[in-house]
Amino acid sequence: MPDFLLEDEAGREVVVAGVDEAGRGPWAGPVVAGCATFISRDVNAQLLDNLNDSKKLSKKKREMLYDLLQQEALRGTMRLGIGLASAREIDDINILNASFLAMKRAVENARIEPGLVLIDGNREPKNFGYKTKAVVKGDAKSYSVAAASILAKVYRDRLMEEMAVRYPGYGFEKNAGYGTKAHIEGLKKLGITPEHRKSYAPIKEFLK
């Protein structure tokens with residue numbers, strides 16, 4: 001379970017932000033990053049009790065935590081930011097660099113100047129503009145990264161549900177752009193959309 005150990009290691013006077021992304025694997029839609037910073041630790045106990053890697057939580061629990069995070073942001077105890085990189089940007093600069101770009105945008109949109117950014121994963125971006133530290137399985141170790149993972153996952157799922165209305169027939173509301181049977185059937189019947197990642201091998205096959 002996550003805690004504040006990594007944040008404390010940076011020093012209590014250092015503003016620490018956690019970032020994580022959702023949507024590296026899907027064939028369609030943007031990659032979305034979340035950024036979360038605890039300005040105060042006097043937050044709803046239910047939030048800290050339940051924060052974890054978003055992939056380990058049910059949709060209902062993620063939605064509940066997302067709402068709690070928004071409430072804390074309104075109270076001023078947290079700063080939150082969301083950043084996106086589009087399917088076209090993913091095609092232009094590859095998914096890893098697009099993920100880092102989304103993360104940088106998320107930090108900028110949180111309107112903070114962090115002294116350290118904890119990044120979920122084993123790679124640190126170059127020219128990020130802030131001091132960074134890569135943390136493998138960071139969303140299971142740091143409250144800040146876990147909060148960022150919830151933000152990114154819920155925001156992206158909601159975005160893909162909206163996209164399903166614009167592009168019906170691919171099952172985006174259920175598969176979030178991943179290569180499910182319904183998605184493949186949609187591609188066979190309807191072809192690709194502007195939201196598909198043309199650099200991904202399965203989409204390249206459909207373009208042939």
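Taking G83 as the residue in question, decide whether it is touching a strand residue (DSSP E or B) at 6+ places or on another chain (Cβ under 6 Å), under 15 Å from A147 (Cα atoms) and not hydrophobic (A, V, I, L, M, F, W, C). Spell out the reasoning first.
Values: touching a strand residue (DSSP E or B) at 6+ places or on another chain (Cβ under 6 Å): yes; under 15 Å from A147 (Cα atoms): yes; not hydrophobic (A, V, I, L, M, F, W, C): yes.
Yes: the conditions hold for G83.
Per-residue answers, yes or no, for (1) exposed (fewer than 12 other Cβ atoms within 10 Å of the Cβ); (2) out of contact with any helix residue (DSSP H, G or I) (no Cβ under 7 Å at 6 or more places or on another chain); (3) of a type outside the set (D, E); (4) not in a strand (DSSP E or B):
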residue	(1), (2), (3), (4)
M1	no, yes, yes, yes
E13	yes, yes, no, yes
V19	no, no, yes, no
R24	no, no, yes, yes
A33	no, no, yes, no
T37	no, no, yes, no
R41	yes, yes, yes, yes
L47	no, no, yes, yes
K60	yes, yes, yes, yes
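Consider G81 carefully, then state whether it is at pLDDT 95 or above and either within 18 Å of L159 (Cα to Cα) or polar (S, T, N, Q) (or both). Write out each step before concluding.
Numbers: at pLDDT 95 or above: yes; either within 18 Å of L159 (Cα to Cα) or polar (S, T, N, Q) (or both): yes.
Judged against the criteria, G81 is a match.
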Item checked: Odd one out for N94, checked against (1) within 13 Å of R24 (Cβ to Cβ); (2) of a type in the set (S, T, N, Q); (3) in contact with a helix residue (DSSP H, G or I) (Cβ under 9 Å, 6 or more places away or on another chain); (4) surrounded by fewer than 19 Cβ atoms within 10 Å (Cβ to Cβ) -> (3)
Notebook entry, point to check: Restricting attention to the range 191-208, and to residues there that are under 23 Å from the mean Cα position of the chain (by Cα) and buried (at least 17 other Cβ atoms within 10 Å of the Cβ), which single residue is nearest to E89 (Cα to Cα)?
Noted result: R197
Check: How do the pairs read when you match residues in the range 104-125 that are on the phi > 0 side of the Ramachandran plot with residues anywhere that are assigned to a strand (DSSP E or B) and buried (at least 18 other Cβ atoms within 10 Å of the Cβ), using Cβ under 8 Å and keeping only pairs 6 or more apart or on different chains?
Finding: R111/R79; R111/G81; G121/V135
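The values are calculated or read from the model by the stated rules, or taken from the named source; none is laboratory data. Note that the structure is a prediction, hence the values are computed from the model and not measured. So basically every Cβ, Gly included, is an ideal-geometry build from the backbone, and we count neighbours across all protein chains shown.
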